[in-house]
1. Could you tell me which residue of region 216-240 is nearest to residue 295 (Cα to Cα), considering only residues that are part of a loop (DSSP other than H, G, I, E, B) and open to solvent by 10 Å² or more (accessible area, probe 1.4 Å)?
2. Return the total of residues in region 24-37 being out of contact with any Asp or Glu (no Cβ under 6 Å at 6 or more places or on another chain) and open to solvent by 10 Å² or more (accessible area, probe 1.4 Å).
3. From (1) at pLDDT 95 or above; (2) crowded, with 17+ Cβ neighbours inside 10 Å; (3) assigned by TED's automatic domain parsing to the domain that holds residue 90; (4) not in a loop (DSSP other than H, G, I, E, B), pick out the condition that doesn't hold for residue 279.
4. Checking residue 268 against (1) open to solvent by 40 Å² or more (accessible area, probe 1.4 Å); (2) in contact (Cβ under 8 Å) with a residue 12 or more places away in the chain; (3) within 12 Å of the ligand (Cβ to nearest atom): exactly one of these is not met. Which one?
5. If you go through region 163-204, how many residues are aliphatic (A, V, I, L, M) and either outside the structural domain of residue 332 (by TED's automatic domain parsing) or over 18 Å from residue 18 (Cβ atoms) (or both)?
6. Scan the helices (runs of 4 or more DSSP H) fully inside region 36-108 and keep the ones with 3 or more residues being under 30 Å from residue 188 (Cα atoms), at pLDDT 95 or above and near the ligand (Cβ under 10 Å from one of its atoms).
7. Quick one: would you say residue 19 is hydrophobic (A, V, I, L, M, F, W, C), in a loop (DSSP other than H, G, I, E, B) and touching a residue at least 24 places away in the same chain (Cβ under 8 Å)?
Amino acid sequence: MSTADVLVIGGGLHGLSTALHLARRGAKVIILEGEFIGRHASGASAAGVRTLGRNPLEMPLALRAMRMWHKIEELVDDDCGFQAHGQLRVAETEAQLEGEANRIAQLRARGYANEKVIGQEQLGKLVPGINPKFIGAAYAAEDGAADPHRTLVAFRAAAEGAGVIIYERAPVRSMTRQGDTWVLETGAGVFKARKLVNAAGAWGARIAAMTGEVIPLSAKASMMMVTERLAQTIRPVVSIVGRSLSFKQSSQGTLVLGGGIQGRYDLESGCTAMDFHALARGAAAAGELMPAVTGTRITRCWSGIEGKTSDLLPVICPGKATGLFHIFGFSGHGFQLVPAAGEAMAEMVTTGAVPKAILPFNADRLTINGAVA
Ligand SMILES: Cc1cc2nc3c(=O)[nH]c(=O)nc-3n(C[C@H](O)[C@H](O)[C@H](O)COP(=O)(O)OP(=O)(O)OC[C@H]3O[C@@H](n4cnc5c(N)ncnc54)[C@H](O)[C@@H]3O)c2cc1C
């Protein structure tokens, strides 16, 4: 039997980041990962580092995360492949552009100046070769993208360097409380701790259910495509208003296409299947955005399972049981939040106080408790 101060269930980026920050605060932390580190959403991610278009409730955490991304070496001793080439959401019609301008005006009224509207001329300079039917865009210049696998390697190394012990192939099968201690039965033996972090991604509600807590959670399986290498011309990440497309060119020249096009998933096996009709629509949207890429060969595609809440905001809060804390359900946009969400979790787990930036993410909002309150 192994004992820690905190057991973290789930070795995705949120489990790793939480464990890292906890260990830096002096806690003895064990991560229990059912498969292997980064097996699900974190290893499948497009790794867009985006404040553009975020729900205003996420902005305090997202802006804290963005400041951390811009000096991510200080946290994990590696740049995680992060490049701040900006993110754009392009508009085809005057009505769409006006919609973006109104949204940005509302953000500014709340004190957020991370986005601005740009016209066609600046758009053409930022995205050479863009279809001239796109007349302008919302632009977040400080945004960018990272390398998901490099990020996983860096967070894992930093966490282990800080003393975190990681068990892979250690699925948590059941848990009980003995006095003030959690006792977890896993595929790699029995583990004990007074505190428990549920960072189990799409399986977060199942872990909560093991403690008797019901949290509504569904799932999604966003798909990604990568093409052969092209000459490097596009730096920002580009999406289109009202469409499921995110378009970026990696530093190797490949196009990395995603944006929430959905595949199929099975939570029991953890497997996904591609929907090639939906992928074809995504590829067609890329050709519409950048006519010159039409006909480029797609070399691989994949999909990753991610927890999804009804309001598309994460669950980051204390659980109902003593010593339990949740962090899951990032609904397709949790990569950017990784450094700051882990920091906030570590503060909550060690002090018991819920940091202001994560107050909107209490699970009660999703349940009858929230509806009654
Ligand atoms: C295709 C795709 C593209 C994306 N693109 C972006 C993007 O551009 N920008 C952005 O911000 N976000 C993006 N996201 C979302 C982002 O990747 C996720 O929000 C984030 O990685 C979630 O991390 P996590 O640690 O919560 O979950 P996960 O990485 O899924 O980790 C959860 C872990 O828990 C483990 N687990 C589950 N049950 C158990 C158990 N019983 N015992 C032990 N372990 C268990 C799983 O094996 C898994 O490894 C994308 C997601 C996908 C799938």
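1. Applying the first criterion (part of a loop (DSSP other than H, G, I, E, B)) to region 216-240 yields 216-217, 230-236.
Still in the running and open to solvent by 10 Å² or more (accessible area, probe 1.4 Å): 216-217, 230-233, 235.
Working: 216: 42, 217: 39, 230: 12, 231: 15, 232: 17, 233: 17, 235: 21 Å.
Out of the qualifying residues, it is 230.
2. Going residue by residue through region 24-37, those that are out of contact with any Asp or Glu (no Cβ under 6 Å at 6 or more places or on another chain) are 24-26, 29-32, 34-35, 37.
If we keep only those that are open to solvent by 10 Å² or more (accessible area, probe 1.4 Å) too, we end up with 24-26, 34-35, 37.
Total satisfying the criteria: 6.
3. (1)
4. For residue 268, the exception is condition (2).
5. Filtering region 163-204 down to residues aliphatic (A, V, I, L, M) leaves 164-166, 170, 172, 175, 183-184, 188, 190, 193, 196-197, 199-200, 202.
Okay, now just the ones that are also either outside the structural domain of residue 332 (by TED's automatic domain parsing) or over 18 Å from residue 18 (Cβ atoms) (or both), so 183, 188, 190.
Total satisfying the criteria: 3.
6. 41-44
7. Values: hydrophobic (A, V, I, L, M, F, W, C): yes; in a loop (DSSP other than H, G, I, E, B): no; touching a residue at least 24 places away in the same chain (Cβ under 8 Å): yes.
In short, no.
Residue by residue, here is whether (1) within 12 Å of the ligand (Cβ to nearest atom); (2) part of a helix (DSSP H, G or I); (3) touching a Cys at 6+ places or on another chain (Cβ under 7 Å); (4) hydroxyl-bearing (Ser, Thr, Tyr) holds:
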residue	(1), (2), (3), (4)
303	yes, no, no, yes
313	yes, no, no, no
330	yes, no, no, no
360	no, yes, no, no
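The values are calculated or read from the model by the stated rules, or taken from the named source; none is laboratory data. From a predicted model like this one, the values you see are computed outputs, not experimental measurements. Heads up, the Cβs are rebuilt from the backbone with ideal geometry, glycines too, and the neighbour counts pull from every protein chain shown. Side chains are part of the model used for accessible areas, which takes the heavy atoms of the whole protein and leaves out ligands, DNA and RNA. Shrake-Rupley method; radii C 1.70, N 1.55, O 1.52, S 1.80 Å.
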